[in-house]
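The values are calculated or read from the model by the stated rules, or taken from the named source; none is laboratory data. From a predicted model like this one, the values you see are computed outputs, not experimental measurements. A quick note on method: Cβ atoms are made from the backbone with ideal geometry, for glycine too, and the neighbour counts reach across all protein chains shown.
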Amino acid sequence: MSDLIVHGGTPLRGRIVPSANKNAVLPILCATLLTKEPVRLRGVPDITDVRRILDIFRTLGSRVEMDFDTGILDVHHLDTRFDEDTDRLPEAMRSSIMLVPPLLTRFGVARIENDVKGCTLGVREIDPHVEVFERFGAAVERVEDALLIRSLRPLIATQHWLDYASVTTTENFVLCAALARGTSTLTNAASEPHVQEFCAFMSAMGARIQGQGTSLLMIDGVEELGGADFTFTEDFHEIVTFLALGAITGGQVEVRNGSPDQFPLIDRTFAKFGVHVRHEGGWSRAETAGRLKVREPFTQNILQKVEAAPWPYLPVDLLPIFVALGVQAEGSMMFWNKVYDGAMGWTSELSRFGAHAFQSDPHRVVTFGGKRLVPATVESPYIIRVAIAMLMLAASIEGRSVIRKAAPIRRAHPRFAENLRALGAKIDWVPGA
């Protein structure tokens, strides 16, 4: 079932306990392949990408015990094996590429089918990953419909300076360096909360990492990694999503949040739309005083703007959430995606709601909000939070709307419709046309 039917116009109210961050869970799952000791993970979400990776583990002979009711995963890669001629990594998710370092470390070979892809966020090159593999001594060869990565000897430590602060490339560097011989240094490393959580898990297995949360990482290679018992924290993306859903519908949603220290810039971004976020007692809530309204900048003759780029900027993954707020808020707002080329083209679909969003170039969109919106049938591209942004607008408009091809939501948010119904939303999954 890939379409969402939304009967909007109801203010959402209540409390939500968010799930773990997909962008922390997936690299950590891949990292478990680096040890032959048992690993227990707590708070594992029931999302499609998790199920895909666990299926791969089972195919490779690993022992996997997953209880999605409790969120507890026990995984043991003692008897894991990999055959380059028969074993295939899933193509439908970008995180497949993070299986390469552990396979390379354990078996000396890994294979990627085509150019692995995730959300359709514009050009997402694979070259930075290839550079990392080569820096550690691997040879990368293009064969029919795949890339073959080989290392005839153990990986050797290296120093590398990334072209840009890529999350997945940073994680791949750490995965390679953890068991490489010597000390590796990465400059211009990504520092997002999920990268920090990934590094915390690696450290729990015995990796020696310095500089977590900064743009300079130093990793001293160790002989082996051990097991771990690790609990995931709440996903800040999901926290922001539910806060925004409460604000855009004129309700009030409280979301559990154990890391309010990550939110100062996010809070100030909400404030640009007239939304005030409070963090008290481990919970966060968004408050509005009447209708959403864009705050005028003090500098004359410029638009208020939201700029998204690698952390500590506002994360680009959250930009669609704020575009939805901009469409509803009275006033004009410019949105600037500084990472992905052409990732804002979906905003033309918002016109079906009666929204006015103008794409000025491949990276920037201006919304002219506060117009009367109407329910509509819209189609989401394969981008998780774009589907959510369309859902947000549908939930804020009285009447029946349809979000077609909304299945990407399930890649990051377990029980999403159920959580919304608990807040008072009228929403159902139905088979796609």
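Which one of G14, G8 is more than 23 Å from the chain's Cα centre (by Cα), outside the structural domain of A178 (by TED's automatic domain parsing) and surrounded by fewer than 18 Cβ atoms within 10 Å (Cβ to Cβ)?
Just a single option satisfies the conditions, and that option is G14.
Filter the stretch 376-433 down to residues that are among the charged types (D, E, K, R) and more than 28 Å from V44 (Cβ to Cβ) and give me whichever is surrounded by the fewest Cβ atoms within 10 Å (Cβ to Cβ).
E398
If only one of D267, D220, D261, D229 is among the charged types (D, E, K, R), in contact with a Ser or Thr (Cβ under 6 Å, 6 or more places away or on another chain) and either more than 27 Å from L29 (Cα to Cα) or at pLDDT 95 or above (or both), which one is it?
From the options D267, D220, D261, D229, the qualifying one is D220.
Does F232 meet the test of being within 30 Å of V6 (Cβ to Cβ), within 22 Å of the chain's Cα centre (by Cα) and buried (at least 18 other Cβ atoms within 10 Å of the Cβ)?
Yes.
Do we find that Q210 is surrounded by 15 or more Cβ atoms within 10 Å (Cβ to Cβ), of a type outside the set (G, A, S) and free of Cβ contacts under 8 Å to residues at least 24 places away in the same chain in this structure?
The answer is no for Q210.
Taking the stretch 289-302, which residues are touching a strand residue (DSSP E or B) at 6+ places or on another chain (Cβ under 6 Å) and modelled with pLDDT of 95 or more?
Taking the stretch 289-302 as the starting set, the residues that turn out to be touching a strand residue (DSSP E or B) at 6+ places or on another chain (Cβ under 6 Å) are 293-294, 297.
Within the stretch 289-302, K293, V294 meet the criteria.
Mind checking whether some residue in the stretch 286-298 is buried (at least 21 other Cβ atoms within 10 Å of the Cβ), among the aliphatic types (A, V, I, L, M) and within 21 Å of F242 (Cβ to Cβ)?
Yes.
Which numbered condition in (1) in contact with a strand residue (DSSP E or B) (Cβ under 7 Å, 6 or more places away or on another chain); (2) assigned by TED's automatic domain parsing to the domain that holds S95; (3) not aliphatic (A, V, I, L, M); (4) not in a strand (DSSP E or B) is the only one that R52 fails?
Condition (1) is where R52 drops out.
Could you please let me know if F368 is of a type in the set (F, W, Y), within 19 Å of L292 (Cβ to Cβ), crowded, with 21+ Cβ neighbours inside 10 Å and modelled with pLDDT of 95 or more?
no
Of the residues L243, L217, which single one is part of a strand (DSSP E or B) and touching a residue at least 12 places away in the same chain (Cβ under 8 Å)?
Residue meeting the stated conditions: L217.
Counting just the residues of the stretch 154-185 that are of a type in the set (A, V, I, L, M) and farther than 20 Å from A204 by Cβ, which one comes out surrounded by the most Cβ atoms within 10 Å (Cβ to Cβ)?
L155
Determine which member of the set W429, W336 is closer than 30 Å to Y164 by Cα and within 24 Å of the chain's Cα centre (by Cα).
Working: W429 fails: closer than 30 Å to Y164 by Cα.
On inspection, the qualifying residue turns out to be W336.
Give me the pairs: first residue in the stretch 352-373 and in contact (Cβ under 8 Å) with a residue 24 or more places away in the chain and within 16 Å of F322 (Cα to Cα), second residue in a loop (DSSP other than H, G, I, E, B) and among the acidic types (D, E), beta-carbon distance under 8 Å, and six or more apart or on different chains, which are they?
Short answer, once both residue conditions are applied: H363/D341.
If only one of A20, A24, A31 is surrounded by 22 or more Cβ atoms within 10 Å (Cβ to Cβ) and touching a Pro at 6+ places or on another chain (Cβ under 6 Å), which one is it?
Unique residue meeting the criteria: A20.
Would you mind telling me which numbered condition in (1) in contact with an Asp or Glu (Cβ under 6 Å, 6 or more places away or on another chain); (2) closer than 22 Å to S2 by Cβ G370 fails?
Evaluating G370 over (1) in contact with an Asp or Glu (Cβ under 6 Å, 6 or more places away or on another chain); (2) closer than 22 Å to S2 by Cβ leaves (2) as the failure.
Got a number for residues in the stretch 246-271 being part of a helix (DSSP H, G or I) and of a type outside the set (F, W, Y)?
13
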